[in-house]
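The values are calculated or read from the model by the stated rules, or taken from the named source; none is laboratory data. Small disclaimer: the values here were computed from a predicted structure and weren't measured. Because the Cβ atoms are built from the backbone with ideal geometry, glycine has one as well, and the counts that use them run over all protein chains shown. Only protein heavy atoms, including side chains, enter the accessible area calculation; ligands, DNA and RNA are left aside. Shrake-Rupley method; radii C 1.70, N 1.55, O 1.52, S 1.80 Å.
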Amino acid sequence: MNLMATFYYQKTKTMHLIRRNRILRQSQAIRAMVAETIIKPSDFIAPLFIVEGQGVKEEISSMQNYYRMSIDLTVKEVKELWNMGIKSVLLFIKCDDKLKDNKGTEALNPNGLMQRSIKAIKDTCPEMVVMTDVALDPFSSYGHDGIVENNEIVNDPTVEVLAAMSVSHAEAGADFVAPSDMMDGRILAIRAALEENGFTKTGIMSYSAKYASCFYGPFRDALDSAPGFGDKKTYQMDYSNRIEAVKETLMDVEEGADIVMVKPAMAYLDIIREVKNAVDVPVSAYHVSGEYAMIKAAAKMGWIDENKAVLESLTSIKRAGADLIATYFAKDAVRLIS
């Protein structure tokens, strides 16, 4: 018999285990020593929803214990996140309906809510890595990620606006722009625009494999950005596809993306691993609003232990290959692992 086999057959004809795998599981101390995947505060990107006003803190109805906040309270939140060891925030703004149009005009306003938010955060906590959402849906009267012509989301005119929007964010002080629109060629256009305007240190975190998913519902409640007609399946990816995700991601890397993202996360762990195996840049994953809401709802019903579910979910995302995780559980996770 092969001596490397699990069982060793002695001359006495008795069977003895030569490999007892449970030895490495017998105590918490041992399990911690040999753990293959460790989550830490700097793994997390904290998404923040920002609204106009002063002293505003509104709970998002479909996202229990998560809030839209005005800039003054957002700045306080950022300080707390930094002190907890979280190094990055991802900003989303809720645009007033009266400022919305089909061309995302307000997105380019140098004194717009996004631009003022970036400046306030960098003034107060300059070391915090500020990432900004680049897409037209918060600013669109149609709720789509691009300009609409004859009920079609047109690609190239949208890319022009996204590039200008990225420059506007860089001018305000953003460290990374995060295009989430899934228009073709936008990474190349954004990189070119940043370079041409002297923003050679501004990074791009591309939503490279963003799927048309039902798990975005609560997020759209948070920003009032649901599409006014149709859906987003002509630009976001079909969830049936795997190879396409790798193709999209490799193209973004070639066009200048510094970090690539898979979104959503939990239902797409296989895609995270495929992308991680294919690229040589950091991979992020977005643990999206619907995934957050499901855990919260199940825990509220007493069906699962919320804390255990949070840690298991985030560990699975990192184990799949994510270097960074955007998650609404960022603060909760840090408290649990501290």
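Some notes on this structure:
- 20 °C / 1.002 mPa s Stokes-Einstein diffusion coefficient of the stretch 243-322, Kirkwood radius on C-alpha pairs, µm²/s: 160
- Solvent-accessible surface of the chain, averaged per residue with a 1.4 angstrom probe and all protein chains in place: 48 square angstrom.
- Global form of the stretch 134-269, assessed from the alpha-carbon gyration tensor, a/c cut-off 1.5: oblate
- Summing charges over all other residues whose Cβ lies under 13 Å from the Cβ of Met294, with Lys and Arg as +1 and Asp and Glu as -1, gives 0.
- Structure-derived Rg and Dmax of the Cα atoms in Å - corresponding label in (i) 20.1, 68; (ii) 22.3, 87; (iii) 20.0, 71: (ii)
- Scalar couplings 3J(HN,Hα) for the stretch 303-314, obtained by applying the Karplus form with A = 6.51, B = -1.76, C = 1.60 to θ = phi - 60°, are 7, 9, 8, 4, 4, 5, 5, 4, 5, 5, 5, 5 Hz; x denotes Gly and Pro.
- Placed amide H near Ile304: partners under 5 Å, 5+ positions off or other chain: Ala299
- The value of relative contact order for the chain, using C-alpha pairs under 8 Å at least six residues apart, is 16 percent.
- HN-Hα J in Hz across the stretch 29-37 - Karplus 6.51, -1.76, 1.60, θ = phi - 60°, x for Gly and Pro: 4, 5, 4, 5, 4, 9, 4, 7, 10
- Positive dipole terminus of the stretch 231-338, leading residue within Ala267, Thr249, Trp303 (C-beta point charges): Trp303
- Built amide H within the under 5 Å cut-off of Tyr239, gap 5+: Ala212
- Peptides 266-272, 287-293 ranked from most to least packed, by the mean per-residue count of other Cβ atoms within 10 Å: 287-293, 266-272.
- Positive-end residue, the chain charge dipole about Cα centroid, Cβ charges, pick of Val129, Asn150, Ile71: Val129
- At R0 = 25 Å, FRET efficiency that the Cβ-Cβ distance of Leu108 and Ser42 yields, to 0.05: 0.15
- Across the accessible surface of the stretch 126-274, with the other protein chains kept in place and a 1.4 Å probe, carbon and sulfur atoms take up 48 percent.
- Peptide ranges 300-307, 277-284 listed from the most packed, as the mean C-beta count within 10 angstrom indicates: 277-284, 300-307
- Nonlocal amide H pairs with Ala46, under 5 Å, H built at 1.01 Å: Ser88, Val89, Leu90
- Classification of the stretch 205-338 by its C-alpha gyration tensor yields an oblate form. The axis ratio a/c (a ≥ b ≥ c) is 1.5 or more, and b/c is at least a/b.
- Given +1 at the Cβ of Lys and Arg, -1 at the Cβ of Asp and Glu and no other charges, the dipole of the stretch 196-335 around its Cα centre is 460 debye to the nearest 20.
- Each stretch of four or more DSSP H residues adds -39500 (n - 2.57); spread over every residue of the chain, this sum gives -11500 deg cm²/dmol at 222 nm.
- Beta bridges from DSSP with both residues in the stretch 119-222: antiparallel share about 35 percent, rounded to the nearest 5.
- Simple Cβ-charge dipole of the stretch 58-144, Lys/Arg +1 and Asp/Glu -1, about Cα centre, in debye nearest 20: 200
- The magnitude of the dipole of the chain, with charges of +1 and -1 set on the Cβ of Lys/Arg and Asp/Glu and taken from the Cα centre, is near 2380 debye.
- Estimated vicinal HN-Hα couplings, Hz - the stretch 181-192 in sequence order (Karplus 6.51, -1.76, 1.60; Gly, Pro = x): 8, 6, 6, 6, x, 6, 5, 4, 5, 5, 4, 4
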